[in-house]
Amino acid sequence: MTKQDLVVVGAGPAGAHLAYEAAKLDLRVLLLERLPRDRVGDKVCGEGIALHHLKNAGIPFPTGEELGTLINGIDIYPPSMENYVTVSQRIEGEICDGWTIDRLHFGQRLLKRAEDAGAKVTDHAHVIKPLLDKDTVVGVQYKDTTTDKIVKITAKVTVDASGMSATLRRRIKHPLIENKIALQDQAVCYREVLELKQPPEPQDRCTIIMDERYSPGGYIWIFPRGGTIANVGLGTQGGKGHRPKVLYKKFIASKPMFKGAKVITGGGGAAPIRRPLWSYVADGIVFIGDSGCHVNPIHGGGIGSAIEAAHVVAPIVKNAIEAGDVSTTGLWPFNVEYNRHHYGQKIASLDLMRRLLQEVGNKEFEFVINNRIITTEDLLRANAGEGIQLSATDKAGRFIRGLRKLGLLRRIQKVSKAMGEMLRLYKDFPASLEKFKAWKDEVEQIYHNLGYEL
Ligand SMILES: Cc1cc2nc3c(=O)[nH]c(=O)nc-3n(C[C@H](O)[C@H](O)[C@H](O)COP(=O)(O)OP(=O)(O)OC[C@H]3O[C@@H](n4cnc5c(N)ncnc54)[C@H](O)[C@@H]3O)c2cc1C
């Protein structure tokens, strides 16, 4: 086969959207997917996506069979479910915050857009390993699962968009590339799509419950999918021996709203919930989506940030190819751009908040919500990666209400301050490899000061 400009491994949101963007830039693109093409998009997922992600990437909004329902905020509950905080991220002039979607239909649409733009797609292509010229990736080797034949593809740039499996990243030998994601930095989940007896309430908001009895180190979600359908699941912190399916069944049995519900589909999955990779690029290769750890560490959402990564990296890859430098240095602008100006800085900051939340037990979370120590505005700021900065006007009141848990209050403030520092560091991500070492030392120091392992 003719040498490709770009070979993309995995046709999930990251890979399919990159194939689309790169083909639009007149690059010769081959997208390899191990699934049969009519299963592309079929992934265990909460199926929620915020509007701004699609808007920023220029993807038309979901309609028809792809659309679950319009979402106008997220209600976050402590275990008792007596109080809640609503978070809404409406862009002015838009009709909703986001949607629940049918992932299979969404995935099929992204795939078709890529093909219509000129990308070639090969399904049943199980990528096994990278092809190397010394330490530079120059393509991939895959098995055609319909014939068992081994096929080699060469490309100027290779992209690992293979999701959590990170087929290529785990085989790259490079000082900046982390091959494995620690288990405790993974969310291990179970979810079902249920047909309930009654429509889930509220029908236009997602429900999140923080309850360590059922979702230690994670949360439970109930996402309305339109009518009586709901996507319900939970995530737990990996590496701790939790059994998400068992916990999920216990949770469902504890809530009358699920009595008599019919299971349409169910299954388990995992997502990386950690700080960004030190580098999303190495010689001849780029990592995006779950393979690049482009996932929000707080809520585990990664569809939007995967699409955003694809959007950012496409012109950078084109420039590197045109300049004849696809080395780590030539592709480095992707690290700079995604971290300084896009989702990278947010992921970095929110990883600290994720660590904080994983320290907090049921009683403390209950206390924080019931006493309005943390408000909607705080959560919105926190979700932007800015930390929970208790506003001056309200500080005294919250301080008095928080006196009984002074230690917790201090911890929140310490982590919030560190989140601000992290944001600042990522907004100043080093423009070149030469300055990277000193910068990395500063990031590591923040983790060290909080007592968090890297
Ligand atoms: C239970 C659960 C719930 C979630 N809920 C949400 C949510 O509500 N909202 C949200 O935004 N995110 C959610 N996420 C995260 C989201 O699913 C991912 O972040 C997103 O799918 C990442 O996209 P991706 O393209 O990187 O990877 P994927 O969507 O995983 O796509 C990777 C593709 O690569 C293919 N592939 C893998 N290995 C190979 C190989 N060796 N050769 C060829 N092809 C290969 C796969 O078949 C797949 O098609 C959830 C994740 C889980 C586990």
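The values are calculated or read from the model by the stated rules, or taken from the named source; none is laboratory data. This structure is a prediction, so every number in the text was calculated from the model and none was measured. Quick reminder, even Gly has a Cβ in these numbers, built from the backbone with ideal geometry, and neighbours come from all protein chains shown.
Which residues, counting only those in region 280-311, are away from the ligand (no atom under 13 Å from the Cβ), surrounded by fewer than 24 Cβ atoms within 10 Å (Cβ to Cβ) and of a type in the set (A, V, I, L, M, F, W, C)?
none
Checking the condition away from the ligand (no atom under 12 Å from the Cβ) and either surrounded by 14 or more Cβ atoms within 10 Å (Cβ to Cβ) or without any contact (Cβ under 8 Å) to a residue 12 or more places away in the chain (or both), which residue from 127, 140, 121, 85 passes?
85
Given the structure, is residue 320 aliphatic (A, V, I, L, M) and closer than 30 Å to residue 248 by Cβ? Show your work before the answer.
Numbers: aliphatic (A, V, I, L, M): yes; closer than 30 Å to residue 248 by Cβ: no.
So residue 320 fails the test.
Could you list, in sequence order, the residues of region 177-210 that are part of a strand (DSSP E or B) and aliphatic (A, V, I, L, M)?
First, pick out the residues of region 177-210 that are part of a strand (DSSP E or B): 186-195, 206-209.
Passing the criteria: 187, 188, 193, 194, 208, 209.
Return only the number of the condition from (1) crowded, with 20+ Cβ neighbours inside 10 Å; (2) in contact with a His (Cβ under 6 Å, 6 or more places away or on another chain) that residue 190 does not satisfy.
Result: residue 190 fails condition (2) only.
Go through region 145-176 and count every residue that is of a type in the set (Asp, Glu) and more than 13 Å from the ligand (Cβ to nearest atom). Show your work before the answer.
Going residue by residue through region 145-176, those that are of a type in the set (Asp, Glu) are 148, 160.
From what is left, the residues that are more than 13 Å from the ligand (Cβ to nearest atom) are 148.
Matching residues across region 145-176 total 1.
So residue 231 ticks every box in (1) assigned by TED's automatic domain parsing to the domain that holds residue 261; (2) part of a loop (DSSP other than H, G, I, E, B) but one. Which box is left unticked?
Of everything listed in (1) assigned by TED's automatic domain parsing to the domain that holds residue 261; (2) part of a loop (DSSP other than H, G, I, E, B), residue 231 misses just condition (2).
Would you please name the residue that is surrounded by the most Cβ atoms within 10 Å (Cβ to Cβ), looking only at residues in region 193-226 that are touching a Ser or Thr at 6+ places or on another chain (Cβ under 9 Å) and aromatic (Phe, Trp, Tyr)?
223
Matching residues to (1) farther than 22 Å from residue 306 by Cβ; (2) touching a strand residue (DSSP E or B) at 6+ places or on another chain (Cβ under 8 Å); (3) modelled with pLDDT under 95:
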| residue | (1), (2), (3) |
| --- | --- |
| 1 | yes, yes, yes |
| 27 | no, yes, no |
| 47 | no, yes, no |
| 87 | no, yes, yes |
| 102 | no, yes, no |
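Which members of region 45-70 meet the condition of being of a type in the set (Val, Ile, Thr) and either within 14 Å of the ligand (Cβ to nearest atom) or touching a Leu at 6+ places or on another chain (Cβ under 7 Å) (or both)?
Of the residues in region 45-70, the ones of a type in the set (Val, Ile, Thr) are 49, 59, 63, 69.
Result: 49, 59, 69.
For the structure I just gave you, tell me whether residue 441 is modelled with pLDDT of 70 or more, surrounded by 13 or more Cβ atoms within 10 Å (Cβ to Cβ) and not aromatic (Phe, Trp, Tyr). It would help to see each step written out before you state the result.
Details: modelled with pLDDT of 70 or more: yes; surrounded by 13 or more Cβ atoms within 10 Å (Cβ to Cβ): no; not aromatic (Phe, Trp, Tyr): yes.
Judged against the criteria, residue 441 is not a match.
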